[in-house]
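Before any comments, here is the structure.
Where a number appears in this text, it was derived from the coordinates with a stated rule and is not lab data. Note that this is a predicted model, so its numbers are computed, not measured. Using ideal geometry, Cβ is built from the backbone for each residue, glycine included, and neighbour counts are taken over all protein chains shown.
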Ligand SMILES: N[C@@H](CCC(=O)N[C@@H](CS)C(=O)NCC(=O)O)C(=O)O
């Protein structure tokens, strides 16, 4: 009886749970950090808004104002719980999918790193939209050029230098030690995205971050990630997402 009960708990809390991810269809965006975690863990999930009906459901959930409505995608529905904010979703999934340390201090450390990645993601977005998200890129090209310059001169060295240092002092193959966490998956995505959006600048900078590049390669070689990247579930980078390739910002 006791062991049946234990396996029941596993079904509720483990990979057998059905997860519903809600995110804009057609872009990787911030949804990708969640997808990578779900894919690495082999979790059963639906990328709901990639169907027309799902998209309508996503809009309804945000606009209804009922329950705990998220401000913006991505958000995750698990049973009756609705969780918004990428780092918050990963905090939740990290425990359930074995992608974060169990002790509180370790859990908060990984969450802290993910929040720093969220800050970086916003700064990446602002390279092409420095005047705000409501104006087209074409109407803010000059400021975008200036912002990209600053981003590469000041911010990339500061952010990636920080993560590079951590990767040197971790005592294992992954950022926080011997075990993979969702932060490793997110850093993989940062390197992939920078390579897509700023191929020349990234290539030149990679020699300064050998630890992060090795981490990226280790994540890319993980069987579930490898299979995901080769599948049609992985949306290609494009100029509607966070990482956009505008040649003039890469020189
Ligand atoms: N801090 C939030 C940001 C969420 C966010 O900005 N989502 C974007 C798509 S990537 C969005 O739809 N924003 C709508 C808006 O800001 O009006 C997170 O990390 O999840």
Among 240, 232, which comes first, second and so on when ranked by fewest other beta-carbon atoms within 10 Å? 232, 240
In terms of the alpha carbon gyration tensor, root eigenvalues a ≥ b ≥ c, rounded if a/c is under 1.5 and otherwise prolate when a/b exceeds b/c or oblate, the stretch 103-151 is prolate
Nearest 10, in degrees from 0 to 90: the angle of helix 141-150 to the longest Cα principal axis of the chain is 80
Could you grab the Rg to Rh ratio for the chain? Cα atoms only, Kirkwood for Rh. 0.98
For a protection proxy built on the mean count of beta-carbon atoms within 10 angstrom, sort 121-128, 213-220, 169-176, 187-194 highest first, please. 187-194, 121-128, 213-220, 169-176
So how far, in whole Å, is the C-alpha centre of the stretch 220-251 from the one of the stretch 126-174? 17
I need the peptides 73-80, 84-91, 140-147 ranked by packing, meaning the mean over residues of other C-beta atoms within 10 angstrom, with the highest value on top. 84-91, 73-80, 140-147
Residue order, fewest to most surrounding Cβ atoms within 10 angstrom, among 68, 181, 116: 68, 116, 181
Can you tell me the 0 to 90 degree angle between the C-alpha axis of helix 52-63 and the longest principal axis of the chain, rounded to 10? 90
Three-way shape label, the stretch 58-141, alpha-carbon gyration tensor, a/c 1.5: oblate
For the chain, calculated [θ]222 nm from helices alone, where every DSSP H run of n ≥ 4 adds -39500 (n - 2.57): -17000 deg cm²/dmol
